[in-house]
1. Could you identify the single residue in B:Val168, B:Val131 that is at pLDDT below 75 and open to solvent by less than 40 Å² (accessible area, probe 1.4 Å)?
2. For residues that are at pLDDT below 85 and open to solvent by 50 Å² or more (accessible area, probe 1.4 Å), scanning just segment A:113-127, find the one that is nearest to B:Leu78 (Cα to Cα).
3. With B:Ala116, B:Ala73 as the choices, which residue is touching a residue at least 40 places away in the same chain (Cβ under 8 Å) and within 11 Å of another protein chain (Cβ to nearest Cβ)?
4. Output the residues belonging to segment B:153-183 that are in contact with a Lys or Arg (Cβ under 7 Å, 6 or more places away or on another chain) and more than 12 Å from chain A (Cβ to nearest Cβ).
5. Of all residues in segment B:72-98, how many are out of contact with any helix residue (DSSP H, G or I) (no Cβ under 7 Å at 6 or more places or on another chain) and on the phi > 0 side of the Ramachandran plot?
6. Do we have any residue at all in segment B:37-50 that's farther than 22 Å from B:Met176 by Cβ, in contact (Cβ under 8 Å) with a residue 24 or more places away in the chain and touching a Lys or Arg at 6+ places or on another chain (Cβ under 9 Å)?
7. In this structure, does B:Asp96 turn out to be open to solvent by 10 Å² or more (accessible area, probe 1.4 Å), away from chain A (no Cβ under 14 Å) and under 15 Å from the mean Cα position of the chain (by Cα)?
8. Using beta carbons and a limit of 6 Å, which pairs, at least six apart or on different chains, have the first residue in segment A:75-100 and within 7 Å of chain B (Cβ to nearest Cβ) and farther than 15 Å from B:Asp225 by Cα and the second one open to solvent by less than 80 Å² (accessible area, probe 1.4 Å) and in a helix (DSSP H, G or I)?
Amino acid sequence: MLIQFLLVLAVLTIMYVFVRSSHAIYVQASKRIALVLFALANVYAVMRPDDLTAIARMLGVGRGTDLVLYALVVAFMAGMFSMYQRFRVVDRRYTELARTVAIREAELINRERGLHSAQVVSIATGDGERAPVVSEDNLR
Amino acid sequence: MTTVDGRRNEDVWVVIPVFNEAPVLESVVRQVLTVFPNVVCVDDGSGDGSAEAVLRTGAHLVRHPVNLGQGAALQTGLTYARVQPGAQYFVTYDADGQHRLEDASAMVDVARSGAADVVLGTRFADHADSVPLIKRIVLRVAVLLSPAGRKLRLTDAHNGLRVLTRPVADQLQITMNGMAHASEIVSYLGRSKWRVREIPVSIRYTEYSRSKGQSLLNGVNILFDLSVRNRG
C-alpha cells in the first residue's frame, strides 16, 4: 500500500536527518517550515474532513482520522528527535559554563590553601595558548 | 624521572573524578599523594562531604557547581591539570580505591620511556579471574563491538586507569558527560595517530567499589548516547 511506503520513507528520512551532522541554519529553517505546513494541514483537515477522507482513500488508508494519526506519529518522532538534539547542544554549553566557573574558583581556593606548582619555575610547557604565570607571591 | 631529593613524579598529574565517595576518598587521595605529588580531585557536585575530604588532603580541588557526570569531571580535571606548570603526564584514577598505585607507576614508566603516547590499563591480561564473570563477558563484548577497540587490539576499553602524555591530553576533548566517555576516548584513539599500549593491571573489587560500580544496564544508556553523538 502507498501509505506504508510513505510512512516508512518518512521515518527513514527523519532518522537520516537526525544522524547526519547538519548545517544548523538549513535544518532549523526546514524544521520551521515543516511545522507551519503541519499546522496548516491540520487546519485544513479540521475544516474539510471529507477531503481528508478522500486523500486517505487515495493513499490506501480507510479513514481520514487514521491518516491524521499516522501523520501525528511521524511528526511526534521528528519533534522528539529535534528536541533531543537541541537538548544536547544546551547540555554542552551548560557543561562548558560549569567547567569555567569550577576552574576559576578552584584556582582561587587552591592558591589560598597554599597549593601551587611554583616549584617548577620553567614555563616551557609547550602549551602556547596559556602559559602559566608564576607570580611572586607563589614563590614565597 | 626519579631524583634523590624526593621530587619524583612532579611532571605527573593525577586526575580523580569524585562523586559521593566520602567514605574512602581521603585515604585513597592520601595514598596517591605518597607517590604522585600532584593530584586534582574534581568533585562532581557531591552532597556527602567529598569536597571537604579532599580539602583535608594536599590535593587540588575543583568543584563542579552541579552534577555533570564522570566524563565531564575527567575533562575538567584534564583542563585544570594541563595548564599547571611542568605537567607532562596525566593519569586518570578512580576515587573508589579500586586501582593499585603500583600499576599507575608502572604505566607512567612506560609512557616516560617513550614507548607509547597513551597507556591504558587492562583487567584481562593477567588476572582476569578476579573480574566477576558477567562483567568480564559484557566488557569483552563492548570491546569487540567497537571498531576502534578492534583496530587498537584492546582487551579492556572501560578501565578507569589511563596515562596520557601531554600532546594527547592537549588534544583530547571529552564531550560525553556521562559514562560514555570511556568509549569516546577509545574511538578518539582509534582515529588518531597516537601509539596506544595496554598494560595489565588488577582491580580490587572491594565491597565498596562493587557497590559503587555502574550497573550493566547503564550500557544501554551508553550505547544510545554514542549512537547519536556529535549530531547536535
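The values are calculated or read from the model by the stated rules, or taken from the named source; none is laboratory data. This one's a predicted model, so the numbers in the text were calculated from it and none came from an experiment. So basically every Cβ, Gly included, is an ideal-geometry build from the backbone, and we count neighbours across all protein chains shown. These accessible areas exclude ligands, DNA and RNA; they are computed on the full protein's heavy atoms, side chains included. Shrake-Rupley method; radii C 1.70, N 1.55, O 1.52, S 1.80 Å.
1. B:Val131
2. Of everything passing the filter in segment A:113-127, A:Gly126 is nearest to B:Leu78 (Cα to Cα).
3. Unique residue meeting the criteria: B:Ala73.
4. The answer is B:Asp156, B:Asn159.
5. 1
6. Among the residues of segment B:37-50, at least one is farther than 22 Å from B:Met176 by Cβ, in contact (Cβ under 8 Å) with a residue 24 or more places away in the chain and touching a Lys or Arg at 6+ places or on another chain (Cβ under 9 Å), which makes the answer yes.
7. Values: open to solvent by 10 Å² or more (accessible area, probe 1.4 Å): yes; away from chain A (no Cβ under 14 Å): yes; under 15 Å from the mean Cα position of the chain (by Cα): yes.
Yes: the conditions hold for B:Asp96.
8. A:Thr95/B:Ala72; A:Arg99/B:Thr76
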